[in-house]
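Below is one structure, written out as structure tokens, with a few remarks after it.
The values are calculated or read from the model by the stated rules, or taken from the named source; none is laboratory data. Just so you know, these numbers come straight off a predicted model, no measurement behind them. Here the Cβ positions follow ideal geometry from the backbone for every residue, glycine too, while neighbour counts run over all protein chains shown.
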Amino acid sequence: MRIFLDANVLFSAAKSDGAVRQLLMLLEKSGHECCVDGYVIEEARRNLAAKAPDRVVALERMLPRMKTAGAQRSDAALEASLPLPAKDRPVLEAAIRQSCGALVTGDRTHFGALYGRTIHGVTIHSSRSLAEALLL
């Protein structure tokens, strides 16, 4: 399955050798493809530079193992139809464009009400629910 990673997932995986990094490694070993785009990469870089600048290099080491989409023009109609605040819509839109079956995010504030829901073919997950669905 193709799985789109939100910036907070990239941030967590780069910041420490904890559960999120382990989840990404298990997904890769299980044959799943982790996907990102420039929008989430830049957000993760910016947050790491501000909060853990020494960990930016860890993010850069992870990225070559992921499917990275180049910048694409936003589909205004699709983006407007997504039940999220404007700043979060590009994340779900990128997952839809990359034909991902899942989007994993730790953003409970904006995505939490959507956990477990499928929108345009993409099921929204927390890290835990994704692990339970795909690895257990």
Which of the residues that make up segment 2-56 are surrounded by fewer than 22 Cβ atoms within 10 Å (Cβ to Cβ), under 15 Å from residue 67 (Cβ atoms) and touching a residue at least 60 places away in the same chain (Cβ under 8 Å)?
2, 27, 32
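Does segment 122-133 hold any residues that are outside any helix (DSSP H, G or I) and either within 11 Å of the chain's Cα centre (by Cα) or aliphatic (A, V, I, L, M) (or both), and which are they?
Looking only at segment 122-133, we keep the residues that are outside any helix (DSSP H, G or I), and these are 122-126.
Listed by number, the residues that qualify are 122, 124, 125, 126.
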Out of the residues in segment 93-121 that are assigned to a strand (DSSP E or B) and within 12 Å of the chain's Cα centre (by Cα), state the one that is farthest from residue 2 (Cα to Cα).
104
For residue 71, indicate whether it is surrounded by fewer than 17 Cβ atoms within 10 Å (Cβ to Cβ), farther than 27 Å from residue 136 by Cα and modelled with pLDDT of 95 or more.
no
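List the helices (runs of 4 or more DSSP H) inside segment 8-67, counting only whole elements, that have at least 2 residues being touching a Cys at 6+ places or on another chain (Cβ under 7 Å) and at pLDDT 95 or above.
Details: elements: 19-29, 38-51, 56-62.
Filter on segment 8-67 gives 19-29.
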